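What follows is a single structure, written as structure tokens, with notes after it.
The values are calculated or read from the model by the stated rules, or taken from the named source; none is laboratory data. Keep in mind the model is a prediction, meaning the values are calculated, not measured. Here the Cβ is made from the backbone with ideal geometry for all residues, glycine too, and neighbour counts use every protein chain on show.
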Amino acid sequence: MNAHRPDLSLMPTDRRDPLEIIKEQNRTRLQDLVPVRIGRMLESPFAFYRGTAALMASDLSRVPTTGQQVLSCGDAHISNFGLYASPERRLLFDLNDFDEAGFAPWEWDLKRLVTSVYLATIYNDGTEDEALEIARETSTSYRDTLNRLAGMSALDRFYAAVDTDFITERLDYKKARKRMEKIEKKARKRNSLTALKKLTFTTENGQVRIQDQPPLMRHTEHATPEQIDSIWGGYLRSSGSEIRYLLNNFRYADHALRVVGVGSVGTRCYIFLLTGPTGEPLFLQVKEAGASVLETYGGIDQSAIMEWAPEGAIGDGYRVVSCQRILQSHSDPFLGWIRGFDGVQGEEVPIDFYWRQFRDMKGSVDLSLLSGRELLITSRVCASLLARAHSQSKGVYEIVDAYGDDKNLDKELAEFARGYSKIAIADAAALQQAADDGDVPVEYGL
């Protein structure tokens, strides 16, 4: 152990009021959806933890850090890893949420991950000792993988990827393999064609329209055809030439506001329906990109990300897209960004958005169904993928030199996970009390 390094098990002191941070974030959200956000966060302490990346960024800024920054996910809890299709239509498993991505001390992502693993174990009826062990093994997997990656060339690290076969091979009993095969089969069915059947209807004159399902999906009366053309043109300019050429075959059909996730509820998120020359559908998601919590609550300036930006690229939509392309092994070819489209407050409000495919063979693991052994395997894989993402930063060698053989690191991070889980549980209880007292609006079951 490096005698001069900080103790990474320390809890934050002089914390900001967690309810004030939640309320502060709510002020910039669509107000009619704030109760839905609170309701989803109160489903369980783990759901609360998922929705409070800002709280943790604030808390992490109040404990000693290693000082070694990498390009980070910013919200690397275990449920932000999932299945998606590569451009070659392989089903991959990787980080899949980059709304908060940016530069941060490398251990911030790892602390976010090990704490989520600890909470998931406890709420799957695991013991505290089991939760500590899985958290410790998660840290060990990150450290061991980073050691291996540091011995590879930068190009080999860039091309490294994990597909579903890799995970299935590590599931050492029949029931677990069957569960993984079921998740994979379900993910392969999640595409634009199935979304068309589930989310749309055909009008009397034969036009396909998105079906309103308030409050979770609804049309907003805001965009003229000229504005849609402007929005579409901005997206095309940010996409690759091959995507622009492909999309010449499609035309705009409809779009609607759609509620997504836990922490993202209340942000402006839309789905766009396009149709091709033979009527084939293509759904794209357009999601609001606010400033990263690493900057707004963690206090870390993110302007360096713009140093590699192409001419004309501005805003947090670009930040999300560029970080995703760096941190994922393979990324959605339809990624793009725009600025200035807000269907509720009007064009005068400059809001950044990023674009991606909607439901392109995306899938997730239901943590509540996993045995302790399955959760351990999943956590190890996620930690390895986090290490792969961090290894794209040139600081990987400094991290390995300082911490590659430091087994005390794993123990400290597991202790951090235990301590911070208690904080998250107490914060969730405080939010529940505020909802019961009418201090925050809440709507359950949506």
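Applying the condition of being outside any helix (DSSP H, G or I) and in contact with a Gly (Cβ under 8 Å, 6 or more places away or on another chain) to segment 364-387 and asking which residue is surrounded by the fewest Cβ atoms within 10 Å (Cβ to Cβ) yields 364.
Hey, any hits in segment 263-279 for a residue that's in contact with a Cys (Cβ under 9 Å, 6 or more places away or on another chain) and in a strand (DSSP E or B)? No; the residues of segment 263-279 include none that is in contact with a Cys (Cβ under 9 Å, 6 or more places away or on another chain) and in a strand (DSSP E or B). Quick one: in segment 205-249, which of the residues that are hydrophobic (A, V, I, L, M, F, W, C) and assigned to a loop (DSSP other than H, G, I, E, B) is modelled with the lowest pLDDT? The extreme case among them is 223. Scanning segment 410-433 for residues being small (Gly, Ala, Ser), closer than 20 Å to residue 262 by Cα and surrounded by fewer than 17 Cβ atoms within 10 Å (Cβ to Cβ) gives a total of 3. Do the conditions hold for residue 5, that is, is it closer than 30 Å to residue 215 by Cβ and surrounded by 15 or more Cβ atoms within 10 Å (Cβ to Cβ)? Taking the combined requirement at face value, the residue does not satisfy it.
Listed by first and then second residue, the pairs with beta-carbon distance under 8 Å, at least 6 apart or on different chains, first residue in segment 197-217 and touching a residue at least 24 places away in the same chain (Cβ under 8 Å) and in the same structural domain as residue 272 (by the TED database), second of a type in the set (Asp, Glu) and surrounded by 12 or more Cβ atoms within 10 Å (Cβ to Cβ), are 200/254; 208/254; 209/254; 210/254; 215/32.
The set of residues in segment 3-47 that are in contact with an Asp or Glu (Cβ under 7 Å, 6 or more places away or on another chain) and either closer than 24 Å to residue 76 by Cβ or of a type outside the set (A, V, I, L, M) (or both) comprises 7, 8, 9, 12, 15, 18, 35, 39. State whether one or more residues within segment 123-130 are under 25 Å from residue 356 (Cα atoms), outside any helix (DSSP H, G or I) and not assigned by the TED database to the domain that holds residue 297. No; the residues of segment 123-130 include none that is under 25 Å from residue 356 (Cα atoms), outside any helix (DSSP H, G or I) and not assigned by the TED database to the domain that holds residue 297.
Here the helices (runs of 4 or more DSSP H) wholly within segment 3-69 that include at least 2 residues being within 18 Å of residue 294 (Cβ to Cβ) and touching a residue at least 40 places away in the same chain (Cβ under 8 Å) are 18-26, 45-50, 53-60. Taken together, the residues in segment 410-446 that are in a loop (DSSP other than H, G, I, E, B) and closer than 17 Å to residue 133 by Cα amount to 0. Being of a type in the set (Asp, Glu), under 16 Å from residue 133 (Cβ atoms) and surrounded by 15 or more Cβ atoms within 10 Å (Cβ to Cβ), is that true of even one residue in segment 388-409? The answer is no; no qualifying residue exists. Collect the residues in segment 36-76 that are under 11 Å from the mean Cα position of the chain (by Cα) and under 30 Å from residue 240 (Cα atoms), keeping them in residue-number order. Passing the criteria: 73, 74, 75, 76. Residues in segment 309-347 that are over 16 Å from the mean Cα position of the chain (by Cα), surrounded by fewer than 20 Cβ atoms within 10 Å (Cβ to Cβ) and β-branched (Val, Ile, Thr) were compared, and the one that is modelled with the highest pLDDT is 314. So for segment 418-426 (the condition being free of Cβ contacts under 8 Å to residues at least 12 places away in the same chain and at positive phi), does at least one residue qualify? No, every residue in segment 418-426 fails to be free of Cβ contacts under 8 Å to residues at least 12 places away in the same chain and at positive phi.
If you check 30, 42, 55 for being touching a Gly at 6+ places or on another chain (Cβ under 8 Å) and assigned by the TED database to the domain that holds residue 99, only one passes: 30. For segment 348-358, the criterion of being surrounded by fewer than 19 Cβ atoms within 10 Å (Cβ to Cβ) and outside any loop (DSSP other than H, G, I, E, B) is satisfied by no residue at all. Restricting attention to segment 280-299, the residues that are of a type in the set (D, E, K, R), under 19 Å from residue 351 (Cα atoms) and not in a strand (DSSP E or B) total 1. Of all residues in segment 146-160, those that are among the hydroxyl-bearing types (Ser, Thr, Tyr), farther than 12 Å from residue 394 by Cα and at pLDDT 90 or above total 0.
Pairs linking a residue in segment 230-256 that is assigned by the TED database to the domain that holds residue 280 and within 28 Å of residue 206 (Cα to Cα) to a residue that is among the charged types (D, E, K, R) and part of a strand (DSSP E or B), with Cβ atoms under 9 Å and 6 or more positions apart or on different chains, are 253/209; 254/209; 256/209; 256/218.
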